[in-house]
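What follows is a single structure, written as structure tokens, with notes after it.
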Amino acid sequence: MSEVPTELKFLSSHEWVLVEDNVATVGVSDHAQELLGDLVYIELPETGSVVAAGDSVGVIESVKAASDTYAPISGEVIEVNEDLEDAPDRINVDPYGDGWMYKMSIEDPEELENLLNAEAYTESIADDE
Amino acid sequence: MGNKTPLYQCHLDAGARIVDFAGWDMPINYGSQLTEHEVVRSDAGMFDVSHMTVVDVSGNNAMAYLQYLLANDVARLGTRGKALYSCMLNEQGGVIDDLIVYYLRDNFYRVVINSATREKDLAWLAQQGQNFTDINIRFRDDVAMIAVQGPRAIEKSLALFDEHQQQALSQLARFQGAEFDDCFVARTGYTGEDGFEILMLSDRIADLWDRLLAAGVAACGLGARDTLRLEAGMNLYGSDMDETTSPLISGLSWTVAMKDERDFIGRQALQAQKDEGLQQSFVGLLLLDKGVLRNHLKVVTAIGDGEITSGSYSPTLQQSIAMARVPTGASGEVEVEVRNRLLKAKIVKLPFVREGKSMLTNEG
């Protein structure tokens with residue numbers, strides 16, 4: 001069983017969101033990194049780019065496959081984890097810590113209501129486990 | 001629920017992530033594909049290849065049958081145990097499958113073909129066999145196989161054999177096999193490293209697996225097997241060639257024996273292709289930009305477009321590599337279309353890696 005921290009919100013496409021002081025930190029779930037396997041390449045959105053919920057904002061590639069990553073909410077990208085460019089495997093090692101992908105502003109807090117809580121996300125991945 | 005090899009429980013015990021591979025429940029990795037790749041390049045790893053199809057061909061006309069069936073010539077196999085890589089073609093010169101054939105003794109050959117192609121291959125073997133008297137084609141569903149690969153693979157496996165077997169195996173030449181009472185061992189593989197492929201009765205294979213683990217050989221999954229073979233420039237059936245592609249445009253001309261008059265299935269079609277001139281050639285690609293090359297991506301060259309047949313990330317080179325079919329004459333720098341962007345790549349000679357070392361030079 002992969003780890004699903006209860007303080008986080010999720011998308012069914014496996015992104016996690018941590019909300020702190022009106023900033024959302026976004027990464028990919030432990031389950032997703034397990035499915036993808038060793039990550040070897042990542043494309044992240046640029047700092048300053050304005051994205052809408054559901055936009056494809058980057059690509060995560062493992063040895064095995066490429067996977068799009070989607071913006072969980074609308075807002076502006078304010079910081080990108082540049083360490084991932086040379087070490088995308090940080091997502092494999094620590095998906096909820098060092099493996100965070102980017103931080104963004106929260107344009108409309110109501111959009112957060114559309115995200116899955118840990119329980120609902122756990123249910124959504126139950127068939128894969 | 002797919003087919004399971006006799007090693008299925010061993011895989012679960014070793015923490016494998018199991019995936020469906022052509023109807024078989026096979027280990028894709030046991031944690032990290034990259035780590036498994038690395039261990040085969042630097043030490044010793046093993047793969048369950050029991051899903052492969054083993055067929056014994058015997059009888060007075062076994063050699064004549066195989067000479068007609070295969071694009072490479074089994075008459076080249078002069079010494080007992082010697083192995084030959086060949087394609088099996090249809091009349092149009094397309095590849096039904098690629099395989100290894102071992103000459104075990106007079107009138108007795110062992111053929112190892114792919115798993116995904118099992119049903120059609122067995123049907124083809126039987127159909128073509130009808131044209132020959134005195135041949136016996138026996139599908140060996142009672143055997144299983146482990147490939148032990150890497151610079152320390154032979155050293156680590158040797159200890160598991162008895163004294164008589166050790167003596168024979170330590171003198172085994174490359175691409176040569178030896179038959180014993182309880183197993184068949186060949187110095188062959190699909191990784192670009194030295195090593196053995198060990199075939200024995202299914203009910204004994206789990207014991208061999210456990211003893212190899214105890215000897216310090218790491219369990220490796222199909223994920224690592226794919227990046228290893230890609231680095232080694234070895235074709236994968238279904239990706240790099242299939243029934244619609246000729247071996248002559250799949251980097252496999254070296255496996256087609258047409259110098260003498262031997263008649264074999266597909267020969268006429270290949271001759272016609274040669275006479276017309278080959279429009280495509282099969283090359284290696286090294287990605288110069290960041291990213292990962294994947295199967296079926298478009299390759300843009302100065303003289304026309306081509307297509308990637310196998311692409312992935314090379315753990316040894318830490319760059320993405322691919323094999324591709326491009327217009328004949330294309331060379332130097334090319335572009336690959338990845339998600340509507342053109343990335344820079346370079347045509348290089350295959351293989352990329354052999355015995356742990358990069359084969360890349362500065363030439364174009």
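Details
- Volume of the convex hull of region B:287-364 (Cα atoms only), normalised per residue: 84 Å³.
- Per residue Cα convex hull volume in Å³ - calculated over region B:166-306: 198
- Cα centroid separation - region A:35-103 against region B:289-364, whole Å: 25
- Point-to-point label distance, B:Glu333-B:Glu261, nm (Cα→Cβ direction, 7 Å offset): 5.3
- Taking a ≥ b ≥ c as the square roots of the eigenvalues of the alpha-carbon gyration tensor, region B:1-80 is classed prolate because a/c is 1.5 or more and a/b outweighs b/c.
- Förster-model FRET efficiency, 22 Å R0, A:Ala65 and A:Asp127, C-beta, rounded to 0.05: 0.75
- Pair B:Lys346, B:Asp182: separation of 7 Å Cα→Cβ label points (nm): 5.2
- Label-reachable residues, region A:98-124, where backbone N falls under 15 Å from a point 7 Å from B:Gln318's Cα toward its Cβ: none
- DSSP-loop trypsin sites (Lys or Arg not before Pro) across region B:107-207, with at most 14 other Cβ within 10 angstrom: B:Arg174
- Our helix-only sum for chain B, with -39,500 (n - 2.57) per DSSP H run of n ≥ 4 divided by its residues, gives a mean residue ellipticity at 222 nm of -6500 deg cm²/dmol.
- Normalised by 2.2 N^0.38 Å, where N is the number of residues, the alpha-carbon radius of gyration of region B:243-351 equals 1.18.
- Cα shape, chain B, gyration tensor, a/c 1.5 rule: oblate
- Going from the residue with the fewest nearby Cβ atoms within 10 Å to the one with the most, B:Trp209, A:Trp16, B:Trp24 rank B:Trp24, B:Trp209, A:Trp16.
- Label-reachable residues, region B:331-362, where backbone N falls under 18 Å from a point 7 Å from B:Trp254's Cα toward its Cβ: B:348-361
- Label positions at B:Asp207 and A:Asn22, each projected 7 Å from the Cα along the C-beta direction, are separated by 7.2 nm.
- Efficiency of FRET between B:Arg354 and B:Gln279 - r from beta-carbon atoms, R0 35 angstrom, step 0.05: 0.75
- 14 Å Cα cut-off, lysine pairs counted over chain B (separation 8 or more, or different chains): 5
- Prolate/oblate/rounded call for the protein assembly as shown, Cα gyration tensor, a/c under 1.5 rounded: prolate
- Each of B:Leu287, A:Leu18, B:Leu7 was scored by other Cβ atoms within 10 Å of its Cβ. Arranged with the fewest first, they read A:Leu18, B:Leu287, B:Leu7.
Read-outs throughout are calculated quantities, based only on the coordinates presented, and are distinct from any laboratory measurement. This structure is a prediction, so every number in the text was calculated from the model and none was measured. Ideal geometry is used to build each Cβ from the backbone, glycine not excepted, and the neighbour counts take in all protein chains shown.
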